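J.: Take a look at the following structure, please.
The values are calculated or read from the model by the stated rules, or taken from the named source; none is laboratory data. None of the values given here were measured: they were computed from a predicted structure. Every residue, glycine among them, receives a Cβ derived from its backbone with ideal geometry; neighbour counts consider all protein chains shown. With ligands, DNA and RNA removed, areas are computed over all heavy atoms of the protein, side chains included. Shrake-Rupley method; radii C 1.70, N 1.55, O 1.52, S 1.80 Å.
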Amino acid sequence: MTKPSELYLHIGTHKTGSTALQKFLLDKSSTLSDAGMAFYEGMIEKENHLELHVSAMKLGRQSFSKDKYRLQGTADFQDHVRQRVGVFQKKNQGKDLIFSAEGLYLLRSDCEFDVLKSILSADRYNITVVLALRNAHDFLQSMRAQISKVPRRTPSSDPSSHLYVE
């Protein structure tokens, strides 16, 4: 019996170097492939697989990517992402897979995690979750500054909000 492939899932958080990591992984895709790994190419941003969290989040919940690209995780969008991820997985069968979407740290409920597991066919892989954190004070200061860059956007005290900074 062959061992299941590994699936590495980088889930953020924002303001922890995610963009640099994602660009590095995309730039090194051929090197990764030679080493038996495959880095997924995103639908909207090649290096940031933001469609994963957009698909998994409950309708009505927001994220920076949903705001920026005016996206909603409708059933049609979920199906499209599931199909696209499935094609990538089939094409790279036997390889270890890498996905990176810092917005995944915003998932909060079992039903959101169930959607993500379904999209990734999670039961077929050994999954390693990679989460980057930084000093809480510096992180919150950086997030407040990022939020304030956009007019009419303010930090939130609601833990379910993507604008939460407490």
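J.: Give just the number: which of (1) closer than 28 Å to Gly36 by Cβ; (2) in a loop (DSSP other than H, G, I, E, B) does Arg82 not satisfy?
T.: Against the list (1) closer than 28 Å to Gly36 by Cβ; (2) in a loop (DSSP other than H, G, I, E, B), Arg82 comes up short only on (2).
J.: Mind checking which residues of segment 117-141 are over 19 Å from the mean Cα position of the chain (by Cα) and surrounded by 16 or more Cβ atoms within 10 Å (Cβ to Cβ)?
T.: Passing the criteria: only Leu140.
J.: Right, next: Could you grab me the full set of residues in segment 24-43 that are open to solvent by 60 Å² or more (accessible area, probe 1.4 Å) and either in contact with a Gly (Cβ under 6 Å, 6 or more places away or on another chain) or assigned to a loop (DSSP other than H, G, I, E, B) (or both)?
T.: Lys28, Ala35, Glu41 - these are the residues of segment 24-43 that are open to solvent by 60 Å² or more (accessible area, probe 1.4 Å) and either in contact with a Gly (Cβ under 6 Å, 6 or more places away or on another chain) or assigned to a loop (DSSP other than H, G, I, E, B) (or both).
J.: Only one of (1) in contact with an Asp or Glu (Cβ under 9 Å, 6 or more places away or on another chain); (2) closer than 15 Å to Thr13 by Cα; (3) in contact (Cβ under 8 Å) with a residue 40 or more places away in the chain fails for Glu102. Which number is that?
T.: With respect to (1) in contact with an Asp or Glu (Cβ under 9 Å, 6 or more places away or on another chain); (2) closer than 15 Å to Thr13 by Cα; (3) in contact (Cβ under 8 Å) with a residue 40 or more places away in the chain, Glu102 is out only on (1).
J.: Might you let me know whether segment 65-74 holds any residue that is in a loop (DSSP other than H, G, I, E, B), basic (Lys, Arg), open to solvent by 40 Å² or more (accessible area, probe 1.4 Å) and within 19 Å of Tyr105 (Cβ to Cβ)?
T.: Within segment 65-74 (the criterion being in a loop (DSSP other than H, G, I, E, B), basic (Lys, Arg), open to solvent by 40 Å² or more (accessible area, probe 1.4 Å) and within 19 Å of Tyr105 (Cβ to Cβ)), the answer is no, since none of the residues qualifies.
J.: Take the residues of segment 85-116 that are assigned to a loop (DSSP other than H, G, I, E, B) and on the phi < 0 side of the Ramachandran plot: which is nearest to the chain's Cα centre (by Cα)?
T.: First, pick out the residues of segment 85-116 that are assigned to a loop (DSSP other than H, G, I, E, B): 92-95, 101, 107-109.
Filter once more, keeping what is on the phi < 0 side of the Ramachandran plot: 92-93, 95, 101, 107-109.
Numbers: Asn92: 19, Gln93: 21, Lys95: 20, Ala101: 2, Leu107: 10, Arg108: 14, Ser109: 16 Å.
Checking each candidate, the answer is Ala101.
J.: Separate question: Could you list all residues from segment 1-23 that are surrounded by 18 or more Cβ atoms within 10 Å (Cβ to Cβ), under 17 Å from Gln93 (Cβ atoms) and of a type in the set (S, T, N, Q)?
T.: Matches in segment 1-23: Ser5 only.
J.: Moving on to the next point. Can you name the residue in segment 94-116 that is touching a helix residue (DSSP H, G or I) at 6+ places or on another chain (Cβ under 8 Å), closer than 26 Å to Ser29 by Cβ and not aliphatic (A, V, I, L, M) and is also surrounded by the most Cβ atoms within 10 Å (Cβ to Cβ) among such residues?
T.: Among those residues, the one meeting the criterion is Glu102.
J.: Going through segment 147-157 one residue at a time, which ones are open to solvent by less than 60 Å² (accessible area, probe 1.4 Å) and not in a loop (DSSP other than H, G, I, E, B)?
T.: Passing the criteria: Ile147, Ser156.
J.: Moving on. Quick check on Leu59: is it open to solvent by 20 Å² or more (accessible area, probe 1.4 Å) and either acidic (Asp, Glu) or within 23 Å of Ser156 (Cβ to Cβ) (or both)?
T.: Yes: the conditions hold for Leu59.
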